[in-house]
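Report on the structure given below.
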Amino acid sequence: DAGVIQSPRHEVTEMGQEVTLRCKPISGHDYLFWYRQTMMRGLELLIYFNNNVPIDDSGMPEDRFSAKMPNASFSTLKIQPSEPRDSAVYFCASSSGRSGLAKNIQYFGAGTRLSVL
Amino acid sequence: AQSVTQLGSHVSVSEGALVLLRCNYSSSVPPYLFWYVQYPNQGLQLLLKYTTGATLVKGINGFEAEFKKSETSFHLTKPSAHMSDAAEYFCAVGGRGGGATNKLIFGTGTLLAVQP
């Protein structure tokens, strides 16, 4: 398997612009997580989905952030409008809730480094 | 509620020395425990995982961790550090049962430096 795939790897944008980050989870995984990592705040869970349904979005910082999972193989995280304080590395991770040795293990993508100028 | 505390945001060891990274957890249910490693400009990778059974868990790259229920600890060790071990290490806890079992609570990370 190719693992969790995120795109783009780097994104530079200007304040006020819309930003869309994309994630393709590992095939067969039924959980998908979006995290944000910064030096100041560390690794923060933003939102996670189970079977394409958002379960907990309490980590989404404000209404400018939204996430969707239209099908089992694709998710987006959108920021509109973007602000300089949104600059961070955004990670997507997926896992399987089914029984077995791999249960609960989260597999991370390589991340998207976002810079908002 | 679950939480994780990693003692020491920065740890420095000499090459060949023992590596000890500390993790304490809090959980109202028997936990799943994890150690992840993050190399520069990469995502997190699983080092090892404890679910049930043997309390000493061996992972990749010579790392191991011991689950100590009485101390609510899950410290990560490696007998002899290698330069390639320099990275950030995250401890994480997850719950059991139905519902949000696949959600993990991550610690704040420990940055390991290995001196030649």
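Which chymotrypsin sites (Phe, Trp or Tyr not before Pro) in region A:39-117 sit in a loop by DSSP (not H, G, I, E or B) and have at most 10 other Cβ atoms within 10 Å of their own Cβ? Write out the running numbers ahead of the final one.
Working: sites: A:Y48, A:F49, A:F65, A:F74, A:Y90, A:F91, A:Y107, A:F108; in loops: none.
Qualifying residues, ordered by number: none.
Place the peptides B:67-73, B:39-45 in order of packing, highest mean first, counting for every residue the other Cβ atoms within 10 Å and averaging per peptide. Could the numbers behind the result be given before it?
Values: B:67-73: 12.9, B:39-45: 15.3.
Packing proxy ranking, top to bottom: B:39-45, B:67-73.
Compute the distance in nm between two label points, each set 7 Å from the Cα along the Cα-to-Cβ direction, one at B:T77 and one at A:R41.
Modelled inter-label distance: 3.7 nm.
Quick one: dipole size for chain A, taken about the Cα centre, charges +1 on Lys/Arg Cβ and -1 on Asp/Glu Cβ, in debye to the nearest 20. Let's see the in-between values first.
Values: 12 positive and 12 negative charges, 69 e Å.
Computed about the Cα centre, the dipole is about 320 debye.
Where a Cα-Cα gap under 15 Å defines reach, which aspartates and glutamates qualify for A:K78, not counting those fewer than 8 residues away within the same chain?
Of all the aspartates and glutamates, those that pass the test against A:K78 - Cα under 15 Å, at least 8 places apart if same chain - are A:E11, A:E14, A:E18, A:D57, A:E62, A:D63, A:D86.
Label points 7 Å out from Cα along the Cβ direction at B:S28 and B:K68: separation in nm?
Distance between the two pseudo-spin positions: 2.7 nm.
Skipping prolines and chain starts, which residues have an amide H placed within reach, meaning under 5 Å, of the one on B:A113, given they are 5 or more residues away or on another chain?
Under 5 Å from the amide H of B:A113: B:V11, B:S12, B:V13.
Would you be so kind as to list the residues of region B:2-47 that have their accessible area lowered by at least 10 Å² in the full protein complex compared with their chain by itself (1.4 Å probe)?
B:Y32, B:F34, B:Y36, B:Q38, B:N41, B:Q42, B:G43, B:L44, B:L46
Nothing charged except the Cβ atoms of Lys and Arg (+1) and of Asp and Glu (-1): what's the magnitude of the dipole of chain B about its Cα centre? Round to the nearest 20 debye.
Values: 8 positive and 6 negative charges, 78 e Å.
With Lys and Arg at +1 and Asp and Glu at -1, about 380 debye.
Take peptide A:104-112, look around each residue's Cβ out to 10 angstrom, count Cβ atoms belonging to other protein chains, and average those counts. Walk me through the numbers on the way to the answer.
Details: counts 12, 8, 11, 4, 7, 3, 3, 5, 0.
Counting Cβ atoms of other protein chains within 10 Å of each residue's Cβ and averaging gives 6.
Which is farthest toward the positive dipole end of region A:9-117 among A:N50, A:S96, A:T13, measuring Cα position about the Cα centre, with Cβ charges +1 (Lys, Arg) and -1 (Asp, Glu)?
A:S96
Between B:E15 and A:S115, what FRET efficiency comes out of the Förster formula 1/(1 + (r/R0)^6) with R0 = 35 Å and r the beta carbon distance, rounded to 0.05? Kindly include the intermediate steps, with their values, before the conclusion.
Details: r = 35 Å, r/R0 = 1.00.
So, using R0 = 35 Å, E works out to roughly 0.50.
Under 8 Å for C-alpha pairs, at least 6 residues apart: give me the relative contact order for region A:38-90, rounded to a whole percent. Write out the running numbers ahead of the final one.
On the way: 53 pairs, mean separation 13.7, N = 53.
Answer for region A:38-90 is 26 percent.
Given a 1.4 angstrom probe, what's the average accessible area per residue across the protein assembly as shown, in square angstrom?
Values: 11130 Å² over 233 residues.
With all protein chains present, the protein assembly as shown gives 48 Å² per residue.
Quote the total accessible area buried by chains B and A together, excluding ligands, DNA and RNA, probe 1.4 Å, nearest 100 Å².
Details: alone 6110 and 6620 Å², together 11130 Å².
About 1600 Å² of accessible surface is lost on pairing.
What is the Å³ per residue value for the convex hull set by the Cα atoms of the protein assembly as shown?
Details: hull volume 28.9 nm³, N = 233.
Per residue, the Cα convex hull of the protein assembly as shown comes to 124 Å³.
Which residue fluctuates most in the GNM of chain A (Cα springs below 10 Å): A:S58, A:S27, A:S66?
A:S58
For chain A, how big is Rg over Rh, using alpha carbon atoms and the Kirkwood form of Rh? Show your work: numbers first, answer last.
Working: Rg = 13.7 Å, Rh = 14.2 Å.
Ratio of gyration radius to Kirkwood radius for chain A: 0.96.
Averaged over peptide A:44-54, how many Cβ atoms belonging to another chain are found within 10 Å of each residue's Cβ? Provide the component values of the computation, followed by the final result.
Numbers: counts 1, 4, 0, 0, 4, 0, 4, 0, 0, 0, 0.
For this peptide, the per-residue mean of nearby foreign Cβ atoms is 1.
In percent, what relative contact order does chain B have, based on Cα pairs under 8 Å that are 6 or more apart in sequence? Write out the running numbers ahead of the final one.
Details: 291 pairs, mean separation 43.0, N = 116.
So the answer I get is 37 percent.
The values are calculated or read from the model by the stated rules, or taken from the named source; none is laboratory data. These figures come from a predicted structure and were not determined experimentally. Reconstructed Cβ throughout: ideal geometry from the backbone, glycine too, with neighbour counts over all protein chains shown. Please note that ligands, DNA and RNA were not included when accessible areas were found on the heavy atoms of the full protein model with its side chains. Shrake-Rupley method; radii C 1.70, N 1.55, O 1.52, S 1.80 Å.
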